[in-house]
Amino acid sequence: MVLIKKEIIRGIPTYYVDKNITDEKMNELKNTFVKPSQIDLIINDDADVYTTDEKLLLRFRKNKLSKSKTTTFYDNVINYASIVTSNRGSASGSEYMDVAKNPKIMTNIIGYFDKFSPKQKMKMRTSKNKNKFIGARPCRFNITYPEKYKNLIPLIQEIDSYYKKYVPASYKKQYDKAKQTYFRIPKTSFTTITTNVNFQTSIHRDRGDDVEGFGNLVVIESGEYTGAETCFPQYGVGVNVRTGDVLFMDVHQWHGNLPIKLKTKEAKRLSIVCYLRHKVWENTKGKPKSFLIEQTKNVSDLAIPKKTLKNKK
């Protein structure tokens, strides 16, 4: 880490850092995994980090989220979030363009999305509604488990409230867009949630989210583990996000996770990423609520999995 200066602003340690890996080298490191030797500082407490041009790289706050809302979210989503998929491509370290060859990991999407999964595309070929898809759809979790989905919303709204408080400029731009579509998590600036369980992402930059927004990441733990810190290897900085914490981060900078080491086989690290999917907004802004209802009907036969989850709380 190239530390330019450190100061305390309104009681918060604030770092100004420069790149210690060139842009050219970072392109070569794409899809590889973050190494401990690339990280000089792991942040465990409240902190802000800026780049040398004074752009916010990350803002981290400890112990902000409601315990009851966090527990409810975890109980309602963990079975679904633990389904194995191969949809993450380069973020999983895959070198392949063929989804069938990608690593099988526990990553899933909730809310609204602008593409179909490979299995859904296969079903689409024989669907009577195949010509009605307009570039945005509710995810299968919303359709198949509406009560569980409803139980997730209070925590997402709480995350949204901290986003508004701690990154207000980016929040306003994103929220103004979110208000233009019914394809969003109710009363938030988000259209989409990505869940990951025990997933070490490789070095990547996010695509598909709104470029004017800012990343929102929280973690819910079950059992004990070490590692998995969220890192910006180009700047040599990482953050140890734990249950109740909120991390706001520039996801368009190179980032990834350090290895996770589970102390027991049952231990789980559930990470929750909330964002506005640009294409969802672009394809649905200004459409009436009836359009959302009709689109839900059009894709419902593609959304229901062959095996439904047990209805655990």
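Matching residues to (1) under 23 Å from Gln200 (Cβ atoms); (2) at pLDDT 90 or above; (3) in a loop (DSSP other than H, G, I, E, B):
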site: Ser271; (1), (2), (3): yes, yes, no
site: Asn283; (1), (2), (3): no, yes, no
site: Thr296; (1), (2), (3): no, no, no
site: Asp301; (1), (2), (3): no, no, no
site: Leu309; (1), (2), (3): no, no, yes
Exercise for the section: Determine whether Glu224 is of a type in the set (Asp, Glu), buried (at least 19 other Cβ atoms within 10 Å of the Cβ) and either more than 21 Å from Lys55 (Cα to Cα) or touching a residue at least 24 places away in the same chain (Cβ under 8 Å) (or both). Expected result: no
Completion exercise
All-but-one check, Tyr50 against (1) farther than 15 Å from Val239 by Cα; (2) among the hydroxyl-bearing types (Ser, Thr, Tyr); (3) more than 21 Å from the chain's Cα centre (by Cα), failing number (1)
Handout entry: Checklist (1) at pLDDT below 95; (2) out of contact with any Ser or Thr (no Cβ under 8 Å at 6 or more places or on another chain); (3) in a loop (DSSP other than H, G, I, E, B) applied to Ile134, failing item
Key = (2)
Exercise for the section: Return the total of residues in the range 182-227 being of a type outside the set (A, V, I, L, M), part of a loop (DSSP other than H, G, I, E, B) and closer than 27 Å to Ser66 by Cβ. Expected result: 18
Handout entry: Hits in the range 182-201 - residues which are more than 17 Å from the chain's Cα centre (by Cα) and farther than 15 Å from Pro138 by Cβ
Key = Lys187
Problem - Close pairs (6 angstrom Cβ cut-off, 6 or more residues apart or separate chains): of a type in the set (Lys, Arg) in the range 248-276, part of a loop (DSSP other than H, G, I, E, B) anywhere - result: Lys263/Glu224; Arg269/Asn198; Arg269/Ala228
Exercise for the section: State whether the residues of the range 34-55 include one that is surrounded by 13 or more Cβ atoms within 10 Å (Cβ to Cβ), of a type in the set (Lys, Arg) and farther than 30 Å from Asn151 by Cα. Expected result: yes
Handout entry: Matching entry among Thr230, Thr243 (being within 18 Å of the chain's Cα centre (by Cα), within 17 Å of Leu41 (Cα to Cα) and among the hydroxyl-bearing types (Ser, Thr, Tyr))
Key = Thr230
Completion exercise
Given (1) under 29 Å from Ser290 (Cβ atoms); (2) touching a strand residue (DSSP E or B) at 6+ places or on another chain (Cβ under 8 Å), Pro186 misses just (2)
Fill in the blank from the handout: Of the residues in the range 158-181 that are closer than 23 Å to Lys67 by Cβ and over 15 Å from the mean Cα position of the chain (by Cα), the one that is surrounded by the fewest Cβ atoms within 10 Å (Cβ to Cβ) is Lys165
Exercise for the section: Give me the pairs, please: first residue somewhere in the range 29-46 and touching a residue at least 40 places away in the same chain (Cβ under 8 Å) and part of a strand (DSSP E or B), second residue anywhere and surrounded by 16 or more Cβ atoms within 10 Å (Cβ to Cβ) and not basic (Lys, Arg), beta-carbon distance under 6 Å, and either six or more positions apart or on two chains. Expected result: Leu41/Met1; Leu41/Val237; Ile42/Glu229; Ile42/Gly238; Ile42/Asn240; Ile43/Phe60; Ile43/Val239
Practice task
Look through Ile110, Ile153 and report the one residue that is part of a helix (DSSP H, G or I), out of contact with any His (no Cβ under 8 Å at 6 or more places or on another chain), modelled with pLDDT of 95 or more and of a type outside the set (Phe, Trp, Tyr).
Solution key: Ile153
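The values are calculated or read from the model by the stated rules, or taken from the named source; none is laboratory data. What you see is a predicted model, and the numbers here were worked out from it, not measured in a lab. Please note: Cβ atoms are built from the backbone with ideal geometry, for glycine as well, and neighbour counts cover all protein chains shown.
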